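Single-structure report; data block below.
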Amino acid sequence: MKLASLKDGRDGRLVVVSRDLAWCAGAEAIAPTLQAALDDWERCEPLLKGLAESLEHGAVPRLRFHEHEAMSPLPRAYQWADGSAYVNHVQLVRRARGAEMPESFWTDPLMYQGGSDAFLGPRDPIPLADPAWGCDLEAEVAVITGDVPQGADRQAALAAIRLVMLVNDVSLRNLIPGELAKSFGFFQSKPASAFSPVAVTPDELGGAWKDGKLSGAMLVELNGADFGRPDAGVDMTFDFGTLIAHAARTRALCAGSIVGSGTVSNRDPDGGPGKPIAEGGLGYCCIAEMRTVETLLNGEAKTPFLAPGDTVRIEMRGPDRHSIFGAIEQQVVAAP
């Protein structure tokens, strides 16, 4: 089952979307918004699945689904907690700013709590007030949970996953060192993120979803050129069950909580940092990682961070080459 929120007020209007993303059907008779459906999932899920099947068979009124009319599936959420499941990425980015990585990072997940009061839509521009802030894209996988009790173990956490989606977790790289130096975490360096047009139930993903990991190439384009295609199921140190259980260690998570994977990152087959696509590698899901590799290999970073006019596209395709979640397509614009 695939769900989306069409533009309508702050929280959107819930629709089910066909598997090929061509059609949608209104779900307001079941739940007006995705959050309302998550709050009453035991009742709503079978009804929504029935509507989705009817849509596939053309048995209900339908409308063309246009991705540019979609908000993020949850336009605002009770919680957005982003992990760093791809420790290779953490190691590289820390190396770039001269910070050692403790061994515990391989066994205990990193996680920060981001702003969730207003997400960007998948086709909304990225507002940037100052290019000197070092604006970066971060292509990630994210899940939406149901209620998760405090102290839930990994299996209970996996069972609480309701939906899977993609995210562009925008970062302001040049603000991060100053914030972390205060030993109080991210805030100004993490502006609004954008999520894929469609959120998908794990069962819909078939064999691509296994043991709390999503396999498949994360396709990233920067200004229309291939930038990255690492596999989201490879080099993921912590699966989503582990990440959710980590978040719920000392607090319960309410239905509608979003947990992110952190930037997808693959090592090179020789065990070293990944190579750019132009050099036969799988590329990257953020500019910071490419800049780090450039610095390690050439002594300096050459790829600039995002500036007004730059465009970003993030997508994942299935074996049939059809888009699974729809595409995040954003242009950086000068903030008013």
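The values are calculated or read from the model by the stated rules, or taken from the named source; none is laboratory data. These figures come from a predicted structure and were not determined experimentally. Every residue, glycine among them, receives a Cβ derived from its backbone with ideal geometry; neighbour counts consider all protein chains shown. For accessibility, only protein heavy atoms count, side chains too; no ligands or nucleic acids. Shrake-Rupley method; radii C 1.70, N 1.55, O 1.52, S 1.80 Å.
Considering only DSSP states other than H, G, I, E and B, which chymotrypsin sites (Phe, Trp or Tyr not before Pro) in the range 165-249 qualify as loop sites with at most 10 other Cβ atoms within 10 Å?
Numbers: sites: Phe184, Phe186, Phe187, Phe195, Trp209, Phe227, Phe238, Phe240; in loops: Phe184, Phe186, Phe187, Phe238.
Answer in residue order: Phe184.
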Item to check | Matching label, Cα extents along the principal axes in Å computed from the structure shown, candidates [x] 61, 43, 41; [y] 84, 51, 45; [z] 60, 44, 38 | outcome: [x]
Checklist outcome for this item: Karplus ³J(HN,Hα) for the range 203-210 (6.51 cos²θ - 1.76 cosθ + 1.60, θ = phi - 60°; Hz, whole; x = Gly/Pro) runs 5, 5, 7, x, x, 6, 10, 8
Checklist outcome for this item: Residue-ordered couplings for the range 119-135, obtained by feeding phi - 60° into the Karplus form 6.51 cos²θ - 1.76 cosθ + 1.60 and rounding to whole Hz (Gly and Pro as x), are 8, 6, x, x, 10, 6, x, 9, x, 10, 7, 8, x, 5, 6, x, 6
Checklist outcome for this item: Rounded to the nearest 10 Å², the accessible area of Asp270 using a 1.4 Å probe with every protein chain kept is 120 Å²
Checklist outcome for this item: The long-range amide H neighbours of Ser257, using H built 1.01 Å from N in the peptide plane and a cut-off of under 5 Å, are Thr145
Checklist entry - Sequence-distant or interchain residues sharing an amide H contact under 5 Å with Leu163, placed H: which? => result Ile144
Item to check | Theoretical ellipticity at 222 nm over the chain - DSSP helices of four or more residues, -39500 (n - 2.57) apiece, nearest 500 | outcome: -5500 deg cm²/dmol
Next on the checklist: Checking the table Lys210/Lys275; Lys7/Lys182; Lys190/Lys213; Lys49/Lys213; Lys2/Lys213; Lys190/Lys302 against a 30 Å threshold on Cα-Cα, which pairs fail?
Outcome noted: Lys7/Lys182
Item to check | Mean Cα-pair separation over length for the range 143-213, i.e. relative contact order, pairs under 8 Å, 6 or more apart, % | outcome: 31 percent
Item to check | Accessible area (Å², 1.4 Å probe, nearest 10) - Ser84 | outcome: 30 Å²
Next on the checklist: Tell me which GluC sites (Glu not before Pro) from the range 265-336 have a DSSP coil assignment and no more than 10 other beta carbons within 10 Å of their own.
Outcome noted: Glu300
Checklist outcome for this item: Here the percent of antiparallel bridges among DSSP beta bridges lying wholly in the chain, to the nearest 5, is 85 percent
Next on the checklist: Please list, ordered by chain and number, the residues whose modelled amide H lies under 5 Å from the amide H of Val333; skip anything fewer than 5 residues away on the same chain.
Outcome noted: Ile126, Leu128, Gly309
Checklist entry - In whole Å, how far is the Cα centre of the range 127-202 from that of the range 261-275? => result 19 Å
Checklist entry - HN-Hα J couplings of the range 258-274 from phi, Karplus 6.51/-1.76/1.60, θ = phi - 60°, integer Hz, Gly and Pro as x? => result 10, 10, x, 7, x, 4, 5, 8, 10, 6, 6, x, 7, x, x, x, x
